[in-house]
């Protein structure tokens, strides 16, 4: 297995942002283009772990590329190319860090909203539902169980928080106040269509997409799908053949890591606890299994 990439170092490029997983660079002389690199960092509870998942960035990149191609008829996206031989020369010198885990993308004005679509009652929505069947302005049916399927997918936006802070669920009315009614409608409709097409496809491959989040940006007047798409980092993936409503589900995403962390006496604040090799390996294998099921 190749060495894990925890952080990239490309001194001839200008580092704009180092996020939880991605390093974003400006391309000299190309103001409308960015280089987005998926490292092997992994976060949980909004804390970046000290231990990486080797190869994770390549898995995320391959899955995102697959979805950009499959879903391109619903909304245009920011991808220019992921072929490093088509990158500007200033980037190619860093091939050993970039190959298989980077994308050249259009620079957009990011809309500061996480576009979350939920098909099943799980996670924070399940916790909220147990206290009140009206969640984020949605009046949900009485008597639902954990992991039950909603009658229709729900668009439940949240604010896009700075690193280290938590996103905050907001109502659609609040989203309209923040970005306008027209853009809210466009983003909500696109998000639900993306989810429905992806969920139908994934189900045919033995995966339930319980929920996911999309990010979008403006290229002039055009709304684009940006960042990563329907990866185990941004989605809840469940094995269809093990689906049992009424309880939490096994998963192909970082839930395994979250469950381990929840078993520790850790306050979910930095610094993160060290991760045992078996936790790293089992998390890596779940990501890889999702990639193989979806893309083969």
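All of the numbers you see were taken from the coordinates with simple rules; none came from a lab. In this text, all values refer to a predicted model and were calculated from it rather than measured experimentally. Because the Cβ atoms are built from the backbone with ideal geometry, glycine has one as well, and the counts that use them run over all protein chains shown.
Give the average over all directions of the projected area of the C-alpha convex hull of the range 173-296, one decimal, in nm². Mind showing how you got there, number by number?
Working: hull surface 42.9 nm².
With every direction weighted equally, the projected area is 10.7 nm².
List the equivalent ellipsoid semi-axes of the range 14-107 in whole Å, largest first, each obtained as the square root of 5λ for an eigenvalue λ of the Cα gyration tensor. Can you show the working numbers first?
Numbers: eigenvalues 87, 62, 35 Å².
Taking √(5λ) for each Cα gyration eigenvalue gives 21, 18, 13 Å.
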Per-q log10 I(q)/I(0), the range 162-211, q = 0.16, 0.31 Å⁻¹ (Debye; single scatterer per alpha-carbon; no solvent): -0.66, -1.03
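Report, as a whole number in µm² per second, the diffusion coefficient that Stokes-Einstein gives for the range 110-263 at 25 °C and 0.890 mPa s using the Kirkwood radius over alpha carbon pairs. Walk me through the numbers on the way to the answer.
Numbers: Rh = 16.3 Å.
D = 151 µm²/s.
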In Å, descending, principal axis extents of the Cα set of the range 253-296: 39, 17, 16
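Among 40-46, 101-107, 231-237, how do they line up by average Cβ neighbours within 10 Å per residue, starting with the highest? Kindly include the intermediate steps, with their values, before the conclusion.
On the way: 40-46: 19.4, 101-107: 22.3, 231-237: 24.6.
Peptide ranking by packing, descending: 231-237, 101-107, 40-46.
Using packing as a proxy for protection, rank 252-261, 72-81 so that the peptide with the highest average count of other Cβ atoms within 10 Å comes first. Could the numbers behind the result be given before it?
On the way: 252-261: 19.2, 72-81: 16.3.
Sorting 252-261, 72-81 by mean packing, highest first, produces 252-261, 72-81.
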Cα extents of the chain along the three principal axes, largest first (Å): 59, 47, 37
Cα-only Debye scattering, the range 1-57: base-10 log of I(q)/I(0) at q = 0.25, 0.26 Å⁻¹: -0.97, -1.01
